[in-house]
Amino acid sequence: MKKNIDLTVSWAPEIVSDHPTEPSSSVANPAESPEQPGIDQKDAAPHAAPASNPAQQRQRAIHLAQAVRHELQKAVIGQDAVIDDVLTALIGGGHVLLEGVPGLGKTLLVRALARCFGGEFARIQFTPDLMPSDVTGHAVYDMQTEQFKLRKGPLFTNLLLADEINRAPAKTQAALLEAMQERQVTLEGRALPVPQPFMVLATQNPIEQEGTYPLPEAELDRFMLKLRMDYPQAEQELDMVRQVTRSTRSDMLDVQPLRTLMQAKDVQALQRIASDLPVDEQVLDYAVRLARATRTWPGLTLGAGPRASIALVRGGRARALLRGGEFVIPDDIKGCALAVLRHRVRLSPELDIEGMSVDQVLKQLLDQVPAPRQ
């Protein structure tokens, strides 16, 4: 006799509501909850009643973003530009791919950001034997209830650290694609939304390292930014060694002293306020011209698609908010162009043999594509 089998969802983290929250109420008082350290008065805007004035909301958002930047700089020494780029992606609503040799602080940066963020955080260590169901979740048959229960994987979170993502084969890497693009995961024929905001921060070692798999181009294109962490300057490395050797936590910097400055609703408010920053038509045209120039530029056999143009504008708005601007200027677009474009283009074999890098070619492009003048 055939048994009736139902599918239920269990052991699932609480899904954050998709309903919008008023930016003024979340950004105005980020230290409202007594459980969270919050922002010091010197960093925060003066206490006032929630205002509908967009300028006041923007100022509160700027103070919050700059306070988070200052907090991250306490834990991640010598990587100020990378910190700004990660915050650019967070405010822009995109995902980040961090590349660098082991030991430069890629994981530390993500852990520090998670410490400053009061939402859900999960980490997946990618290995060659990791299965897609280990990322997204899977159905388990319960013998007692005679039902299938759907166990959600670590993908259902706000901040996801995909550590050493290129150590897993393409099949497992592809488990992230639907969530990164559509903010949902299909399990057993059911589309389940991931919590909002949702951000993937993936780290990878350089592709020349042994035991790594290159990321598919379709997956690379879903990362808003690809960042490269380099060795710190001598003075910064000296400061880092001084701090670490004073700590009892082995060879790593401690992120425990960092304050929790923002919740999920604060990040959503930052994203909405940044998306409202005005962009002049000439600046918008500049972003599109940069992306289109890669498709015909000498030395590039593969150019960037329309996602690059969108990421340039989103990144420009986020950088404008970080610097405290009221609108987007061409330098905001240009400042994030390398991180937006470097993983979306392919160098020609001739230039590769000559020892040229993608960044060198893109810098030539940025220097020669004229920016609008006010």
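Quick note: the coordinates plus some simple rules give every number you see, no bench work behind them. In this text, all values refer to a predicted model and were calculated from it rather than measured experimentally. Note that each Cβ is placed from the backbone with ideal geometry, even for glycine, and that neighbours are counted across all protein chains shown.
Laid out as a table, the results:
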item	result
Rg/Rh ratio calculated on Cα atoms of region 182-316 (Kirkwood radius)	1.03
Highest to lowest packing among 321-328, 266-273, scored as the average C-beta count within 10 Å	266-273, 321-328
G137 long-range amide H proximity, modeled H, under 5 Å	G153
Vicinal HN-Hα couplings computed from phi for region 365-373 (Karplus, 6.51 cos²θ - 1.76 cosθ + 1.60; Hz; Gly/Pro x)	4, 5, 6, 9, 7, x, 8, x, 10
Trypsin sites (Lys or Arg not before Pro) restricted to region 281-320 and DSSP loop, no more than 16 other C-beta within 10 Å	R295
For region 156-212, alpha-carbon Rg relative to the globular expectation (2.2 N^0.38 Å, N residues)	1.25
Under 11 Å, Cβ to Cβ, from D331 - net charge with Lys/Arg +1 and Asp/Glu -1	+2
Square roots of five times the Cα gyration tensor eigenvalues for region 93-169, Å	29, 16, 9
HN-Hα J in Hz across region 294-299 - Karplus 6.51, -1.76, 1.60, θ = phi - 60°, x for Gly and Pro	5, 7, 10, 6, x, x
Percent of alpha-carbon pairs separated by more than 11 Å within region 192-237	79
GluC sites (Glu not before Pro) lying in DSSP loop within region 155-201, provided at most 16 other Cβ fall within 10 Å	E188
Region 151-249: trypsin sites (Lys or Arg not before Pro) in DSSP coil with no more than 13 other Cβ atoms inside 10 Å	R249
3J(HN,Hα) from dihedral phi, region 260-269, Karplus parametrisation 6.51/-1.76/1.60, rounded to Hz, x for glycine, proline	7, 9, 8, 10, 4, 5, 5, 5, 5, 5
Intensity falloff of region 261-307 expressed as log10 I(q)/I(0), Debye formula with alpha-carbon point scatterers, at q = 0.31 Å⁻¹	-1.04
Residues whose placed amide H lies under 5 Å from that of V185, excluding near-sequence neighbours	L192, V194
Links that overshoot a 18 Å alpha carbon limit, given the list K226/K334; K74/K334; K106/K226; K334/K363	K74/K334
Amide proton proximity set for S348, modelled H, under 5 Å, gap of 5+	L300, T301
